[in-house]
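> Please see the structure below; I have some questions.
Readers should treat all values here as calculations from the given coordinates under stated rules, not as data from a laboratory. Since the model is a prediction, treat every value here as computed from it, not as a measurement. FYI the Cβ positions are ideal-geometry reconstructions off the backbone, even for glycines, and counts take in every protein chain you see.
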Amino acid sequence: MHFGALGDIHGDFPSVQAIIQQHPELPFWLCVGDVADDQGRYQAFDAPVYWIKGNNENFDVIASGTFPPSLHYIPNARAIAIEGLRVAGLGGTFAPTWYETRAADLPAAKPGTKRPDDKRRHFVREEVEVCRALRDIDILLTHEAPRPYFVSPPSGKGRPNDAGKTPINEVLAAMQPRLHLFGHHHRFTEQERQGVRSVGLDLAAHSYLVIDANTLEYKQLGR
């Protein structure tokens, strides 16, 4: 059996639907977050999609759990079984000023402010600690990258910045999943961190992975 993996969707539902329709043999897909469109909407697909939160989501919808039936949200620090695979998630972004907050206390955006002001877009220490204790995980999904993950400045001048986040490395070191998938940076990368294969996914509209469920070997395919 094989299954699919998608990077950030960012509301490009027609492209994702086309990809899924190209592979009717795949029973399910994983996604590393940023699914909603600019209006905070979600759409059903022709196959189950299991996803974690990114930093661009409708967090009120996530809190309510009212998704289209084919979308299956994986809460942070939760392991679930999918077709015999154990998949765990740590979605959202790292913010030092909010890291010690309880997840339940992360504030929503104030009325009249933009959705990016919603602090529920972050993960926190208590979720990282639960993830560190999880064992026998086949695939870990995160939105953030582990360190080092170098990103060039927007100007193209100066030294690249390390955009990776240490808590992701801590989880990888403790959990030792068979495969780690992440998004957020919208480019395909292959690396090894803490002895774990760590793969960054491109925007879903640009490329995606087809993964062997037994070996977790993968192929990158483009549209």
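> Place +1 on the Cβ of every Lys and Arg and -1 on the Cβ of every Asp and Glu in region 2-222, take the dipole about the Cα centre, and give the residue among THR189, ILE20, GLY4 whose Cα lies farthest towards its positive end.
THR189
> Sorted from largest down, what three extents in whole angstroms do the Cα atoms of the chain have along their principal axes?
44, 40, 40
> If you don't mind, there's one more thing I want to ask. Take the Cα atoms of region 26-69, find their three principal axes, and give me the spread along each one in whole Å, biggest first.
Sorted largest first, the three principal extents are 29, 18, 17 Å.
> Same structure again: Taking the Cα centre of region 130-223 as origin and charging only Cβ (+1 Lys, Arg; -1 Asp, Glu), how large is the dipole, in debye to the nearest 20?
In debye, rounded to 20, region 130-223 gives about 300.
> Run the count for region 2-222, please: Lys pairs, Cα-Cα under 28 angstrom, 8 or more apart or on different chains.
Qualifying lysine pairs in region 2-222: 11.
> Still on this structure: By how many nm would the segment from ARG102 to ILE80 lengthen if fully extended, with 0.36 nm per residue of separation less the alpha-carbon distance?
Full extension from ARG102 to ILE80 adds 5.7 nm.
> Provide the three semi-axes, in whole Å and in decreasing order, of the ellipsoid equivalent to region 4-108 as defined by the square roots of 5 times the Cα gyration tensor eigenvalues.
They are 25, 16, 11 Å, listed from largest to smallest.
> Tell me, how many Å apart are the Cα centres for region 50-95 and for region 162-210?
Between the Cα centre of region 50-95 and that of region 162-210, the gap is 17 Å.
> Let me ask something else about it. In nanometres, what is the gap between the two model label sites at ALA173 and GLU190, each 7 Å from Cα along Cα-to-Cβ?
That separation, rounded to one decimal, is 2.6 nm.
> Using +1 at the C-beta of Lys and Arg and -1 at the C-beta of Asp and Glu, which of PRO146, ALA47, PRO96 has the Cα lying farthest in the positive direction of the dipole of the chain?
Of PRO146, ALA47, PRO96, it is PRO96.
> With an 8 Å Cα cut-off and a minimum separation of 6 or more residues, compute the relative contact order for the chain in percent.
In percent, rounded to a whole number, it is 21.
> For the chain, give the magnitude of the charge dipole about the Cα centre (Cβ charges: +1 Lys/Arg, -1 Asp/Glu; no others), in debye to the nearest 20.
Working: 24 positive and 27 negative charges, 109 e Å.
Dipole of the chain, to the nearest 20 debye: 520 debye.
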